[in-house]
Amino acid sequence: MKKVFVYYSYSGNGDLVAKYYKEKGYEIEEIVTKEPLPDIKFLAILTGGFKALINHKDKIEKSVLPISEYDEIVIGSPIWNGRLSSPINAFLANHDIVPKAFVLYSGSGKSPSATKTIIKKYPSSMIINLTEPKKHEEEFKDILNRMG
Ligand SMILES: Cc1cc2nc3c(=O)[nH]c(=O)nc-3n(C[C@H](O)[C@H](O)[C@H](O)COP(=O)(O)O)c2cc1C
């Protein structure tokens, strides 16, 4: 069975989750935006927060892997302003897929609006909330192991 973890990361938490999935035998597709968020965190939070609020879809590089050929797709997104990140919005808009699960990483471990969006659009997908994987490495691996 072909499995892929498709994710976006601005500050490295998603990269750590990708490393976990790679070790579990998933192929990895990192979403790269044509225009990166600013390096200055304060500006990044303003820009990304606003983009998420208006459900913006970033311009992203074409996928490297043939996503539609995979049997199982897991999506990884940081939470921006309670919502899915704009690079992930773009990926989902470009691909007619039903992910097995969404792994959402955030500062609070909560994803109020993202959860509503996912339940509405992908009612069969599992939603897993993680709190800052870089700070809580053992905990996040434990949660993902239990989710299978
Ligand atoms: C633009 C932006 C908006 C954010 N909004 C939230 C938020 O609404 N709630 C929250 O708990 N964390 C929020 N965060 C924190 C990130 O979701 C969290 O640090 C996440 O682990 C980052 O993943 P990454 O390192 O893979 O980019 C925000 C971070 C950024 C950059």
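A few points about this structure:
- Residue match in the stretch 68-82 (condition: within 21 Å of residue 122 (Cα to Cα) and in a helix (DSSP H, G or I)): yes
- Just one of (1) more than 15 Å from the ligand (Cβ to nearest atom); (2) open to solvent by 30 Å² or more (accessible area, probe 1.4 Å); (3) outside any loop (DSSP other than H, G, I, E, B) fails for residue 28. It is (1).
- Failed item, numbered, when residue 119 is tested on (1) outside any helix (DSSP H, G or I); (2) away from the ligand (no atom under 16 Å from the Cβ); (3) among the aliphatic types (A, V, I, L, M): (1)
- Looking only at the stretch 99-116, and only at residues there that are more than 19 Å from residue 72 (Cα to Cα) and in a loop (DSSP other than H, G, I, E, B), the one that is most open to solvent (accessible area, probe 1.4 Å): 110
- Residues that are out of contact with any strand residue (DSSP E or B) (no Cβ under 8 Å at 6 or more places or on another chain) and part of a loop (DSSP other than H, G, I, E, B) were ranked within the stretch 47-60; the one that is farthest from the ligand (Cβ to nearest atom) is 57.
- Long-range neighbours under 6 Å by Cβ, at least six apart or interchain, first residue touching a residue at least 12 places away in the same chain (Cβ under 8 Å) within the stretch 31-55, second basic (Lys, Arg) and assigned to a loop (DSSP other than H, G, I, E, B): 34/59
- Meets criteria (within 10 Å of the ligand (Cβ to nearest atom) and surrounded by 20 or more Cβ atoms within 10 Å (Cβ to Cβ)) for residue 130: yes
- When residues of the stretch 50-98 are limited to those that are acidic (Asp, Glu) and within 14 Å of residue 30 (Cβ to Cβ), the one most open to solvent (accessible area, probe 1.4 Å): 61
The values are calculated or read from the model by the stated rules, or taken from the named source; none is laboratory data. What you see is a predicted model, and the numbers here were worked out from it, not measured in a lab. We place every Cβ from the backbone using ideal geometry, glycine too, and count neighbours over all the protein chains shown. Quick note on the areas: whole protein, heavy atoms, side chains included, nothing else; ligands and nucleic acids left out. Shrake-Rupley method; radii C 1.70, N 1.55, O 1.52, S 1.80 Å.
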